[in-house]
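Take a look at the structure below.
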Ligand SMILES: *Cc1c(COP(=O)(O)O)cnc(C)c1O
């Protein structure tokens, strides 16, 4: 099966498994796992922040951000198709007591921020997603983020980046991770997407914010013990950042063959009948994601090679009746 459903489907390779087996570990609830501590320090430094906190999932790190930036009853602004609103099962409301309003483009944020008032809910934070999953792996331009940063500072609100795939944005644009880091109060970054770790994300931010996030992680059931095993996989996964360019070239090839474009490793397809395309592709050995009645998604990653892309082009172009370009 050529599995293009997501970049989460990768299996750890031999070297990653060897790094996991050799990991020095301790009890991370006591803050004593040296491999976790090394990973947290390394990733914080990459983004130019003081501290970072390992979480089992990106969803948990996003929800820690909700709970450190927004008090119950306050609101945050997020993209209408944001993961934090679409795919986290209402956690911001269920666990954080946060309300939200959505924007279609970050440029709308300026006119949406509300101060506290007798009737109004105070806007406490803005969330952005970079790269954007449901928008086909699109990259937010740095100047839009710089403008947003200035606006937020002026309004006294915070900015969190859902950077599950910030690595892809960095490789696609050449913008340094620290430059992205400067634009946000906190970031969530994932090791388990394109970088290939079996699990693990981090919340990155100031020491004060990360210290506030630790008991919230524990409350949510995310205080784990000898997770240096996962942190070792994560440290190894950081070696896979620069090779994301290969995934981007493969996604561009797929996109081009299907008459669309892709900025990073995701190809979003608008088709007449996505479930039907999904079924027929599956029968021919190509798995894709069906995200809506007319919305399908293909994602390139470590475990799909050029031959896999060739086969996917062959199957999808014939199912969609587009003539493959050479
Ligand atoms: C996958 C993803 C998450 C959540 O990560 P999990 O580890 O699956 O919980 C958050 N945001 C975006 C944009 C994602 O793609």
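The values are calculated or read from the model by the stated rules, or taken from the named source; none is laboratory data. What you are looking at is a predicted structure, and each value in this text was computed from that prediction instead of being measured. Note that we place each Cβ from the backbone using ideal geometry, even for glycine, and neighbour counts take in every protein chain shown.
Laid out as a table, the results:
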item: Within segment 70-89, tally of residues that are within 16 Å of the ligand (Cβ to nearest atom) and under 23 Å from residue 206 (Cα atoms); result: 3
item: Candidates 33, 27 - the one that is closer than 16 Å to residue 214 by Cβ, touching a residue at least 24 places away in the same chain (Cβ under 8 Å), surrounded by fewer than 20 Cβ atoms within 10 Å (Cβ to Cβ) and more than 12 Å from the ligand (Cβ to nearest atom); result: 27
item: Among residues of segment 118-144, those that are more than 16 Å from the ligand (Cβ to nearest atom), free of Cβ contacts under 8 Å to residues at least 40 places away in the same chain and within 18 Å of the chain's Cα centre (by Cα), counted; result: 1
item: Within segment 53-69, considering residues that are within 10 Å of the ligand (Cβ to nearest atom) and assigned to a helix (DSSP H, G or I), the one nearest to the chain's Cα centre (by Cα); result: 58
item: Count of segment 153-170 residues which are surrounded by 21 or more Cβ atoms within 10 Å (Cβ to Cβ) and part of a helix (DSSP H, G or I); result: 5
item: Residue count, segment 185-229 (criterion: within 14 Å of residue 35 (Cβ to Cβ) and away from the ligand (no atom under 12 Å from the Cβ)); result: 6
item: Residue list for segment 198-249, filter: over 26 Å from residue 96 (Cβ atoms) and not in a helix (DSSP H, G or I); result: 198, 226, 241, 242, 243
item: Complete set of residues in segment 304-326 that are part of a loop (DSSP other than H, G, I, E, B) and surrounded by fewer than 15 Cβ atoms within 10 Å (Cβ to Cβ); result: 305, 321, 322, 323, 324, 325, 326
item: Subset of segment 256-270 that is in contact with a strand residue (DSSP E or B) (Cβ under 7 Å, 6 or more places away or on another chain) and surrounded by fewer than 20 Cβ atoms within 10 Å (Cβ to Cβ) - its residue that is farthest from residue 320 (Cα to Cα); result: 260
item: Where residue 40 falls short, out of the listed (1) outside any loop (DSSP other than H, G, I, E, B); (2) in contact with a helix residue (DSSP H, G or I) (Cβ under 6 Å, 6 or more places away or on another chain); (3) surrounded by 22 or more Cβ atoms within 10 Å (Cβ to Cβ); result: (2)
item: Residue identified as closer than 29 Å to residue 27 by Cβ and touching a residue at least 12 places away in the same chain (Cβ under 8 Å) among 169, 155, 164; result: 164
item: Subset of segment 1-16 (residues that are under 15 Å from residue 239 (Cβ atoms) and touching a residue at least 40 places away in the same chain (Cβ under 8 Å)); result: 10, 12, 13, 15, 16
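Let's see how each residue does on (1) in a helix (DSSP H, G or I); (2) at pLDDT 95 or above; (3) in contact with a helix residue (DSSP H, G or I) (Cβ under 8 Å, 6 or more places away or on another chain):
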residue: 78; (1), (2), (3): no, yes, yes
residue: 85; (1), (2), (3): yes, yes, yes
residue: 92; (1), (2), (3): yes, yes, yes
residue: 101; (1), (2), (3): no, yes, no
residue: 113; (1), (2), (3): no, yes, yes
residue: 116; (1), (2), (3): no, no, no
residue: 121; (1), (2), (3): no, no, no
residue: 127; (1), (2), (3): no, yes, yes
